[in-house]
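Beneath this line is the structure, given in structure tokens, with notes to follow.
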Amino acid sequence: PDEHLIGRYPELMEWIRRQHENGASIYSACSGAVMLAETGLLNECDATSHWGYQNLFRKHYPKVRFRPEPNLAFADPAGQIVTAGGTTSWHDLAIHIISRHCSPGEALRIAKVYLLKWHGEGQLPYETLVRNNPHADSVVNDCEQWLQEHFREQSAVQRVVRQSKIPERTLKRRFKIATGSSLIDYLQNVRVEQAKRQLESAEIPVDEISFDVGYEDPSFFRRVFKRKTGLTPSQYRRMFKPVLEAAVSQ
């Protein structure tokens with residue numbers, strides 16, 4: 001997703017701002033947060049949307065405190081503006097709205113009737129950590145490609161710096177500007193994505209996966225994986241492996 005709304009639909013943006021001034025509760029799901037960002041109502045506030053909108057918010061709406069991890073984000077303590085994450089996070093938003101304006105009991109009843117799911121795990125388990133982020137820095141592009149091919153190497157960051165043939169500080173600065181990630185963060189993302197693929201498709205022991213993706217210390221790998229996905233490797237496997245198995249069996 002890369003389409004902003006800067007300068008578009010000015011009458012609608014003004015109407016939304018007036019509703020907010022008049023005390024209306026405002027809710028958005030998925031890409032609806034982009035429209036709220038354009039109104040300015042999310043400036044200096046927490047907000048979420050589909051995790052794929054991180055770069056758009058970073059580039060076009062830097063005043064918004066975009067958080068890709070929660071299923072719901074509250075822009076203010078009173079909950080006058082609430083944004084929901086990607087696609088089926090509207091389930092969470094619907095449960096919240098019914099609970100707030102009716103009762104928790106009614107929200108539970110509706111959730112059961114319509115099979116609504118509360119995504120207590122948030123969005124991190126679903127996020128693709130390594131994404132195509134178009135930019136014009138050819139040196140950084142080459143480094144990204146190199147890391148994706150040599151992520152298993154223990155000294156991958158040091159080697160990619162040498163491969164770039166530019167000063168380390170310069171490369172780190174340019175890499176951060178182009179990708180939004182530091183070199184080490186990008187390397188960890190590549191390794192965790194590879195680990196996720198193995199957890200989804202095979203019963204390989206977690207320690208073996210750790211070694212295979214470039215971590216000599218399985219405990220450190222588990223900590224990195226939990227920080228990146230919100231789940232332990234075993235929890236991630238239990239969550240997603242049945243999905244692939246069900247798809248294959250059809």
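The values are calculated or read from the model by the stated rules, or taken from the named source; none is laboratory data. No experiment lies behind these values; they were computed from the predicted model shown. Neighbour counts run over all protein chains shown; Cβ positions are idealised from the backbone, glycine included.
Points to keep in mind about this one:
- Of residues in the range 116-132 being crowded, with 17+ Cβ neighbours inside 10 Å and touching a Gly at 6+ places or on another chain (Cβ under 9 Å), the one farthest from Thr229 (Cα to Cα): His119
- Leu171 assigned to a helix (DSSP H, G or I), among the aliphatic types (A, V, I, L, M), in contact (Cβ under 8 Å) with a residue 40 or more places away in the chain and assigned by TED's automatic domain parsing to the domain that holds Val243: no
- In a residue-by-residue description of the range 94-113, the property of being closer than 27 Å to Pro134 by Cα and acidic (Asp, Glu) applies to no position.
- Filtered by the rule that a residue be assigned to a helix (DSSP H, G or I), surrounded by 14 or more Cβ atoms within 10 Å (Cβ to Cβ) and at pLDDT below 95, the range 177-196 gives Ala178, Thr179.
- Any chance Ala156 is farther than 20 Å from Pro134 by Cβ and assigned by TED's automatic domain parsing to the domain that holds Phe220: yes
- The range 63-115, subset over 23 Å from Thr229 (Cα atoms) and of a type in the set (Ser, Thr, Tyr), residue surrounded by the fewest Cβ atoms within 10 Å (Cβ to Cβ): Tyr114
- Scan of the range 99-120 for residues that are among the polar types (S, T, N, Q) and in contact with a helix residue (DSSP H, G or I) (Cβ under 8 Å, 6 or more places away or on another chain), ordered by number: Ser99
- Val213 being in contact with a helix residue (DSSP H, G or I) (Cβ under 9 Å, 6 or more places away or on another chain), free of Cβ contacts under 8 Å to residues at least 40 places away in the same chain and not assigned by TED's automatic domain parsing to the domain that holds His50: no
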